[in-house]
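Report on one structure; see the data block that follows.
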Amino acid sequence: MNSSILFRVPRLLKPVSQNLIWEIEPKNNDIFLTFDDGPHPEITPWVLELLEKYNAKATFFLVGENAAKYPEIVKKIKDAGHHIGNHTYNHLKGWSTSAYKYYKNTLKCEEEFSTPLFRPPHGRITRSQHNQLSKRFKIIMWSVLSGDYDRKLNPKTIIKGVVTNTHPGSVIVFHDSIKAEKNLKKALPEVLDQLSGKGFTLKPIPYTVQYSNEVRGEGF
């Protein structure tokens with residue numbers, strides 16, 4: 001299977017989505033590692049220790065109900081210099097949720113922590129949801145999907161797919177979740193090792209991130 005098909009967002013998809021950030025204008029060799037669905041009491045601390053080993057910073061898109069259970073881990077993420085983003089309170093699927101319910105659920109997540117960054121769970125967001133949320137958040141998508149949650153994938157395939165498709169400005173997705181744990185723990189150390197060896201600098205997504213004409217769409 002061609003890893004570019006599996007891991008990289010097709011170019012044809014980006015021009016049909018307005019005000020969704022797929023990549024970030026890089027400075028030098030900056031790339032942007034992100035983690036979805038946490039915090040988790042065991043997996044997230046493991047990720048934090050590994051990132052510290054590589055002097056890497058990342059962005060964690062947190063589910064509100066998980067943040068409410070583990071506020072001490074949210075604090076650890078912030079204290080370590082990483083950034084956080086909103087991932088709805090209950091990890092809602094946008095395509096099967098009304099715009100009103102989706103917006104209210106996202107605002108409920110804001111009661112646990114405040115951030116200008118938002119990522120829709122599963123990358124699924126409707127036009128109405130987008131129109132409401134884009135007034136308050138920068139909506140962050142991705143350009144490289146690790147697939148760590150997919151138990152049909154093995155760590156070697158994940159490593160190759162991520163490393164091969166990463167370039168300056170890439171936004172990469174992993175998951176600090178139970179579903180992804182097995183692949184994550186085997187793939188992430190090697191991914192960090194190889195990306196660092198290629199001279200990439202892993203940065204958090206800036207809270208002040210701006211849209212770029214080169215990486216944003218012109219219509220939703």
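Taken over the stretch 150-170, the criterion of being buried (at least 20 other Cβ atoms within 10 Å of the Cβ) and assigned to a loop (DSSP other than H, G, I, E, B) is satisfied by Thr166, Ser170. Of the residues making up the stretch 197-219, not a single one is assigned to a helix (DSSP H, G or I) and surrounded by 19 or more Cβ atoms within 10 Å (Cβ to Cβ). Within the stretch 77-114, the set of residues being assigned to a loop (DSSP other than H, G, I, E, B), of a type in the set (S, T, N, Q) and crowded, with 19+ Cβ neighbours inside 10 Å comprises Thr88, Thr97.
Give Asn154, Asn165 a once-over and let me know the one that is without any contact (Cβ under 8 Å) to a residue 60 or more places away in the chain and not acidic (Asp, Glu). Going through Asn154, Asn165 in turn, the sole match is Asn154. Among residues of the stretch 134-150 that are closer than 24 Å to Gln210 by Cα, those with a beta-carbon under 6 Å from a residue that is of a type in the set (Ser, Thr, Tyr) and surrounded by 19 or more Cβ atoms within 10 Å (Cβ to Cβ) at least six positions away or on a different chain give the pairs Ser143/Ser170; Val144/Thr166; Val144/Ser170.
Within the stretch 40-76, the set of residues being open to solvent by 10 Å² or more (accessible area, probe 1.4 Å), more than 16 Å from Lys185 (Cα to Cα) and outside any helix (DSSP H, G or I) comprises Asn55, Lys57, Tyr70.
In the stretch 95-112, the residues that are under 13 Å from His130 (Cα atoms) reach residues that are exposed (fewer than 12 other Cβ atoms within 10 Å of the Cβ) with C-beta atoms within less than 9 angstrom, at least six apart or across chains, in these pairs: Ala99/Arg127.
The values are calculated or read from the model by the stated rules, or taken from the named source; none is laboratory data. This is a predicted model, so every value here is computed, not measured. Every residue, glycine as well, gets a Cβ built from its backbone with ideal geometry; the counts of neighbours run over all protein chains shown. SASA here: full protein model, heavy atoms, side chains in, ligands and nucleic acids out. Shrake-Rupley method; radii C 1.70, N 1.55, O 1.52, S 1.80 Å.
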